[in-house]
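> Questions regarding the structure given below will be posed in turn.
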Amino acid sequence: MKFKIFSLLLASGLILAACGNDDSDDKKDNKGAEKTEQKTQDDNKDDMDDSSNDKDSNDDKTNDDDSDDQNANKSTTNTVKWNDIKVSPEEAVKEAQNEEKGELKDLSFEKEAGDWSYKVELVDGSNENKVLINADDKSVANVENETEDDDDNDQTFKLSDVAKFEDVLKVAQDKAKGDLKEWSLSEDDGKLVYSIDLKEGNKDTTEFKIDAKSKEILEQEQD
């Protein structure tokens with residue numbers, strides 16, 4: 001009888017031990033599965049972070065490229081090739097003098113209200129008349145009339161007394177590349193001087209002062 005009871009107890013112990021080992025194995029398997037799942041989640045997170053960083057880098061590069069394109073376009077619209085201008089300086093002055101009386105005091109060329117234009121300043125006695133001429137069709141865009149002070153410098157000139165602008169422009173463009181940004185012709189320190197600004201793309205503007213009669217370069221600098 002004692003032997004049977006002992007045998008039953010021994011068998012029960014073996015069964016419990018086996019169950020305990022199965023539970024331990026299950027726990028180990030579960031723990032291993034949790035580690036694998038966590039590692040997979042971490043790897044996925046790293047991939048998402050890398051993808052996000054790549055996207056941010058690409059977005060930054062795209063924004064930089066767009067900014068460069070916009071700056072390039074802006075520079076292009078603020079300059080012009082002289083051969084594309086339809087109205088010559090001589091025609092602009094003649095048209096201005098048909099509109100208002102006076103002798104030529106100052107002549108300039110620049111972009112005004114979105115259009116390339118000549119600003120012609122004429123002196124008639126004590127009156128100064130400023131006439132804006134469209135460089136595309138010779139139309140009169142604006143007229144301003146002022147009364148000058150007695151001490152104002154009223155030195156006037158004729159375009160026939162100075163070198164043609166296209167010849168002076170060639171002198172400047174032989175020294176610096178670029179299209180025309182603006183120019184003017186006026187008296188400076190007792191002599192007639194062309195002031196010419198050239199610009200190439202996004203580079204700095206090159207400014208020239210050139211003697212209007214001898215075509216000698218008086219000044220050249222970058223701004």
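> For ASP204, only one of the following conditions fails: (1) modelled with pLDDT of 95 or more; (2) open to solvent by 50 Å² or more (accessible area, probe 1.4 Å). What is its number?
(1)
> Tell me yes or no: at least one residue of segment 169-179 is at pLDDT 95 or above, open to solvent by 80 Å² or more (accessible area, probe 1.4 Å), farther than 23 Å from LYS86 by Cβ and out of contact with any Pro (no Cβ under 6 Å at 6 or more places or on another chain).
Checking segment 169-179: at least one residue is at pLDDT 95 or above, open to solvent by 80 Å² or more (accessible area, probe 1.4 Å), farther than 23 Å from LYS86 by Cβ and out of contact with any Pro (no Cβ under 6 Å at 6 or more places or on another chain).
> Taking only segment 104-132 into account, find how many residues are touching a residue at least 60 places away in the same chain (Cβ under 8 Å), farther than 12 Å from THR156 by Cβ and open to solvent by 30 Å² or more (accessible area, probe 1.4 Å). Give the steps one after another, and end with the answer.
Taking segment 104-132 first, the residues touching a residue at least 60 places away in the same chain (Cβ under 8 Å) are 105-111.
Checking the rest, the ones that are also farther than 12 Å from THR156 by Cβ come to 108-111.
The next check asks that each one be open to solvent by 30 Å² or more (accessible area, probe 1.4 Å); those that pass are 110-111.
Counting residues in segment 104-132 that are touching a residue at least 60 places away in the same chain (Cβ under 8 Å), farther than 12 Å from THR156 by Cβ and open to solvent by 30 Å² or more (accessible area, probe 1.4 Å) gives 2.
> Out of segment 185-196, which residues are out of contact with any helix residue (DSSP H, G or I) (no Cβ under 8 Å at 6 or more places or on another chain), surrounded by fewer than 19 Cβ atoms within 10 Å (Cβ to Cβ) and at negative phi?
The first filter runs over segment 185-196 and keeps only residues out of contact with any helix residue (DSSP H, G or I) (no Cβ under 8 Å at 6 or more places or on another chain), leaving 186-191, 193, 195.
Still in the running and surrounded by fewer than 19 Cβ atoms within 10 Å (Cβ to Cβ): 186-191, 195.
Within segment 185-196, SER186, GLU187, ASP188, LYS191, SER195 qualify.
> Looking at segment 188-223, which of its residues are charged (D, E, K, R), assigned to a strand (DSSP E or B) and without any contact (Cβ under 8 Å) to a residue 60 or more places away in the chain? Can you show your working first?
Initial filter on segment 188-223 (charged (D, E, K, R)): 188-189, 191, 197, 199-200, 203-204, 207, 209, 211, 213, 215-216, 219, 221, 223.
Add one more test, that the residue is assigned to a strand (DSSP E or B), and what stays is 188, 191, 197, 199, 207, 209, 211, 219, 221.
Scanning segment 188-223 gives ASP188, LYS191, ASP197, GLU207, LYS209, ASP211, GLU219, GLU221.
> When the residues of segment 70-82 are filtered to those that are at pLDDT below 95 and open to solvent by 90 Å² or more (accessible area, probe 1.4 Å), which remaining residue is nearest to GLU166 (Cα to Cα)?
THR76
> Under 9 Å by Cβ, and 6 or more places apart or on different chains, what pairs join a residue from segment 83-98 that is at pLDDT 95 or above with one that is part of a loop (DSSP other than H, G, I, E, B) and not charged (D, E, K, R)?
Qualifying pairs under 9 Å: ILE85/ALA135; LYS86/ALA135; VAL87/ALA135; ALA92/ALA135; GLU95/VAL87; GLU95/SER139; ALA96/GLY102.
> Can you say whether GLU166 is open to solvent by less than 70 Å² (accessible area, probe 1.4 Å) and acidic (Asp, Glu), as far as the supplied structure shows? Let's see the steps before the verdict.
Numbers: open to solvent by less than 70 Å² (accessible area, probe 1.4 Å): no; acidic (Asp, Glu): yes.
Taking the combined requirement at face value, the residue does not satisfy it.
> Would a scan of segment 148-155 turn up a residue that is open to solvent by 60 Å² or more (accessible area, probe 1.4 Å), within 30 Å of ASN83 (Cβ to Cβ) and either free of Cβ contacts under 8 Å to residues at least 60 places away in the same chain or within 36 Å of the chain's Cα centre (by Cα) (or both)?
No, segment 148-155 contains no residue that is open to solvent by 60 Å² or more (accessible area, probe 1.4 Å), within 30 Å of ASN83 (Cβ to Cβ) and either free of Cβ contacts under 8 Å to residues at least 60 places away in the same chain or within 36 Å of the chain's Cα centre (by Cα) (or both).
The values are calculated or read from the model by the stated rules, or taken from the named source; none is laboratory data. Note that the structure is predicted; figures quoted are calculated from it, not measured. All Cβ positions, even for glycine, are placed from backbone atoms using ideal geometry, and neighbour counts span all protein chains on display. Areas reflect the complete protein model, heavy atoms only, side chains present, ligands, DNA and RNA absent. Shrake-Rupley method; radii C 1.70, N 1.55, O 1.52, S 1.80 Å.
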